[in-house]
């Protein structure tokens, strides 16, 4: 989202938009993302075959929308400023984040929304806003690098991907401050069992490192004539996210509460992607035809 925000801001500046108008559109999109979370996504979770008892749920779109509200005035800053903001947010959230006692005791609502996930059946926050500010700011920085020199940015992605994974390997062994949950090292999967709620430093280093390496790989394969499937879903990302919840919840009711084996799960996953391909292709093309300031372009 940070990359899209940064590239979108620069594209609008090229069309003569002022920063006030750009900021206003980002603020509107942040509000829309939170609204989609509360109105549509939460309804999908209520269809879960295993049951859903949370009255007010704040999930991933809440964090994305909230992050967009916070960073909307910052889209025009230099990449080095965004990089420093990402680093500061990463360290601050790790320092202020959950301690073992936080999982067992009452916390004020503001801290649930900001830093520590959890709650009760009336209100549950899975994605606190501030916890995801670091990757959002990093995305803004990467957008600036792409705008300046896309080839150099992709080479930087390769280098950073390797460095992030190396840092993950070292910090995971160090345990403590960087991990939230110490590793027991009983097997290799325990070594990779990093905390996502909220994202620990090791979680972000592992996932961002792999993502940057994949991005470099996709760039290297750009000259190969492969079926362009991934961009179809990428151009309709929000549409895909909302619809896929309803689709897979429906599949869950077909297979029952006990679920299926992992191999059959992969078959259902691929089937769902196949069913969603044409709707996403239609929505992406329809969205691209809308004027840059239209509401549908924000969704």
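Taken together, the values in this text are just the output of simple stated rules run on the coordinates, not laboratory data. Model, not experiment: these values are computed from the prediction. Cβ placement follows ideal geometry from the backbone for every residue including glycine, while neighbour counts extend to all protein chains displayed.
A few notes on this one:
- Largest-first ellipsoid semi-axes for segment 229-299, taking √(5λ) over the Cα gyration tensor eigenvalues, angstrom: 29, 12, 8
- Viscosity 0.692 mPa s, 37 °C: Kirkwood-radius Stokes-Einstein D of the chain over Cα pairs, µm²/s: 156
- Convex hull volume per residue for segment 212-262, taking Cα atoms only, in Å³: 137
- Pairwise Cα inverse-distance average, inverted: Kirkwood Rh of segment 74-210 (Å): 16.1
- All Cα pairs of segment 183-288, percent lying beyond 17 Å: 70
- Highest-fluctuation residue, 213, 61, 254 considered, GNM on the chain with Cα pairs under 10 Å: 254
- For the peptides 47-57, 190-200, residues were scored by their other Cβ atoms within 10 Å and the scores averaged per peptide; the highest-first order is 190-200, 47-57.
- Estimated translational D of segment 104-172 in µm²/s (Stokes, Kirkwood radius over Cα pairs; 4 °C; 1.567 mPa s): 88
- Counted residue by residue at 0.36 nm each, then reduced by the alpha carbon distance between them, the extension gain from residue 173 to residue 289 reaches 36.7 nm.
- Label sites at residue 278 and residue 246, each approximated as a point 7 angstrom past Cα along Cα to Cβ, lie 1.7 nm apart.
- Note on segment 149-226: Cα-only Rg and Dmax are 14.8, 46 Å.
- A Förster radius of 51 Å, combined with the Cβ-Cβ distance separating residue 267 from residue 122, puts the computed FRET efficiency at roughly 0.85.
- Length gained on full extension, residue 109 to residue 148, computed as 0.36 nm times the residue gap minus the Cα-Cα distance: 9.9 nm.
- Residue with peak Gaussian network fluctuation, the chain [Cα springs, cutoff 10 Å], from 121, 37, 25: 121
- Efficiency of FRET from Cβ geometry, residue 46 and residue 159, R₀ 35 Å, rounded to 0.05: 0.20
- Over all pairs of different C-alpha atoms, segment 1-148 has a mean inverse distance whose reciprocal, the Kirkwood radius, equals 16.4 Å.
- Considering only 260, 116, 41, the mean-square fluctuation computed in a Gaussian network model of the chain, springs between alpha carbons under 10 angstrom, is largest for 260.
- Extended-chain gain in nm, criterion 0.36 nm per residue less alpha-carbon gap, residue 92 and residue 193: 34.1 nm
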